[in-house]
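The values are calculated or read from the model by the stated rules, or taken from the named source; none is laboratory data. Here the structure is a predicted model, which is why all the values come from computation and not from measurement. When we count neighbours, we look across all protein chains shown, and the Cβ atoms used for this are built from the backbone with ideal geometry, even at glycine. Heads up: the accessible areas ignore ligands, DNA and RNA and are worked out on the full protein's heavy atoms, side chains in. Shrake-Rupley method; radii C 1.70, N 1.55, O 1.52, S 1.80 Å.
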Amino acid sequence: MQRDLTLLEEAITIWARQRGLLTADVQPEKQMLKLVEEVGELAKGIAYRDKWSTSDGIGDVFVCLVVLAEQLDLSLTECVNVAYDEIKDRTGTLEDGLFKKDDS
């Protein structure tokens, strides 16, 4: 079953709050470490061309980012909007499968 990302962000925030991940004494640095761990698992899934592990890894990274943003009094939606506003008019070229932005 597919769910709207905004609704998932809200559900993840509730889940994190219920588990004490959004209290004043929680350190975002610890959540950042968890995010790096999940990115490593995602990289492994990609390296082994394991579609399930890759999908699970992307989801885990999303969850970690939602929690981290909330810990920093942000929302992931806000952050993605800021990033999109920055890249939407960006120009560049594709080199070896990577987008290289033009100097501006």
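For the structure I just gave you, tell me whether Leu74 is open to solvent by less than 90 Å² (accessible area, probe 1.4 Å) and assigned to a loop (DSSP other than H, G, I, E, B).
Here the answer is yes, as Leu74 does meet what is asked.
Just give me the residues in the range 6-58 being in a loop (DSSP other than H, G, I, E, B) and open to solvent by 100 Å² or more (accessible area, probe 1.4 Å), in sequence order.
Selection gives Arg19, Ala24, Asp25, Tyr48, Arg49.
Starting from the range 9-26, take each residue that is within 12 Å of Val67 (Cβ to Cβ) and list its partners that are open to solvent by less than 30 Å² (accessible area, probe 1.4 Å) and assigned to a helix (DSSP H, G or I), counting only C-beta distances under 6 angstrom and pairs at least six apart or across chains.
Glu9/Val66; Glu9/Leu76; Ile12/Val66; Ala16/Val67; Leu21/Val67; Leu22/Ala16
Only residues in the range 67-84 that are touching a residue at least 24 places away in the same chain (Cβ under 8 Å) count as the first member; pair them with residues that are among the polar types (S, T, N, Q) and surrounded by 13 or more Cβ atoms within 10 Å (Cβ to Cβ), Cβ under 6 angstrom, at least 6 apart or cross-chain, and list the lot.
Within 6 Å, the pairs are Val67/Gln31; Leu68/Gln31; Glu70/Thr13; Gln71/Gln31.
Name every residue in the range 77-104 that is outside any loop (DSSP other than H, G, I, E, B), over 30 Å from Thr23 (Cβ atoms) and not aromatic (Phe, Trp, Tyr), in order of residue number. Reasoning before the result, please.
Our first condition is that a residue be outside any loop (DSSP other than H, G, I, E, B); within the range 77-104, this holds for 77-87, 92-95, 98-101.
Then keep just the ones that are over 30 Å from Thr23 (Cβ atoms); that gives 84-87, 92-95, 98-101.
Result: Asp85, Glu86, Ile87, Gly92, Thr93, Leu94, Glu95, Leu98, Lys100, Lys101.
Is it fair to say Asp96 is over 29 Å from Leu8 (Cβ atoms), open to solvent by 50 Å² or more (accessible area, probe 1.4 Å), in contact (Cβ under 8 Å) with a residue 12 or more places away in the chain and of a type in the set (Asp, Glu)?
no
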